[in-house]
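S.K.: One structure follows; several queries about it will come next.
The values are calculated or read from the model by the stated rules, or taken from the named source; none is laboratory data. Just so we're clear, the structure is a prediction, and the values are computed from it rather than from any experiment. When we count neighbours, we look across all protein chains shown, and the Cβ atoms used for this are built from the backbone with ideal geometry, even at glycine.
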Amino acid sequence: MSTEDIRGAGGGSGPGGHRPLVAILSGAGISTDSGIPDYRGPNGLWRTDPDAEKLVTYSYYMADPEIRRRSWRLRLTGPALRARPNAGHEAVVRLERAGVPVRVITQNVDGLHQLAGLPERKVLELHGTARTVVCTRCRARSEMEKALERVRAGVADPECLRCGGILKPATVMFGEALDPAVLAEALGTARACEVFLAVGTSLQVEPAASLARVAAEHGARLVIVNADPTPYDALADRVVREPIGRSLPVLLAEFTRS
Ligand SMILES: [Zn+2]
């Protein structure tokens with residue numbers, strides 16, 4: 001993996017030169033080393049167990065108190081809020097701290113990029129965040145941890161403390177639309193970047209697939225780090241199959257050398 005391979009023509013950061021915007025699209029694969037399974041993947045829980053999928057489907061969640069109670073119990077014991085960032089997340093932080101303009105677009109709701117130390121403004125969460133809850137009636141937002149404290153204290157389906165509405169995680173459930181503002185910013189980033197790294201994502205679902213296509217159409221060098229083939233491998237300047245925790249630190253370190 002040479003520096004030239006990655007930066008390519010028009011990139012680079014020689015003396016007086018500009019530093020290219022690096023967009024990093026991260027998917028479930030970057031968080032599996034942190035113990036968070038790929039629920040949405042082709043063999044993930046949400047695809048293979050229709051009952052589990054109901055827990056993250058807006059209409060079921062809103063209509064059925066038992067679904068909500070089960071969801072809250074799962075959140076108490078699930079890995080998401082206990083997970084710690086891994087070498088992949090830390091490599092992205094090092095890149096940003098080295099002064100390379102970085103924008104992370106993530107499909108993950110675990111907040112691990114920020115927990116690793118990436119500033120909030122550098123992270124676009126396409127599917128929202130599981131660290132925050134939102135009221136489905138008054139839209140008030142509060143910390144997930146505060147809601148979980150109430151569940152631990154015996155409130156099986158905690159309601160909004162302001163208006164009594166149904167609370168849900170601030171994630172995009174099946175049946176909910178992506179935040180158009182977040183999506184627009186992600187597309188803008190894909191258009192503007194000079195390098196588009198897709199890490200741990202199959203690039204088979206929207207909007208991830210479109211973001212990769214838009215980046216490539218606008219001249220970005222496409223780098224794909226994923227265990228399995230993606231539909232964009234043929235378009236990519238570089239495809240890396242090695243585990244993310246090992247390959248991403250090496251790959252990103254090349255951008256910080258000048
Ligand atoms: Zn409310």
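S.K.: Among (1) at pLDDT 90 or above; (2) surrounded by fewer than 20 Cβ atoms within 10 Å (Cβ to Cβ); (3) closer than 30 Å to Arg191 by Cα, where does Met1 come up short?
M.R.: Every listed condition holds for Met1 apart from (1).
S.K.: Of all residues in segment 159-206 being crowded, with 22+ Cβ neighbours inside 10 Å and within 16 Å of the ligand (Cβ to nearest atom), which is nearest to Arg75 (Cα to Cα)?
M.R.: Pro169
S.K.: Still on this structure, I have one more. Does any residue of segment 136-158 turn out to be in a loop (DSSP other than H, G, I, E, B), within 16 Å of the ligand (Cβ to nearest atom), of a type in the set (Ser, Thr, Tyr) and modelled with pLDDT of 95 or more?
M.R.: yes
S.K.: Name the pairs whose Cβ atoms lie under 8 Å apart, with the first residue in segment 235-258 and in the same structural domain as Ser26 (by TED's automatic domain parsing) and in contact (Cβ under 8 Å) with a residue 40 or more places away in the chain, the second exposed (fewer than 15 other Cβ atoms within 10 Å of the Cβ) and of a type in the set (Asp, Glu), and 6 or more positions between them or separate chains?
M.R.: So the pair list comes out as Asp237/Asp5; Arg238/Asp5.
S.K.: Oh, and also: Could you list, in sequence order, the residues of segment 204-223 that are in contact (Cβ under 8 Å) with a residue 40 or more places away in the chain and within 20 Å of Asp110 (Cα to Cα)?
M.R.: Val205, Pro207, Ala208
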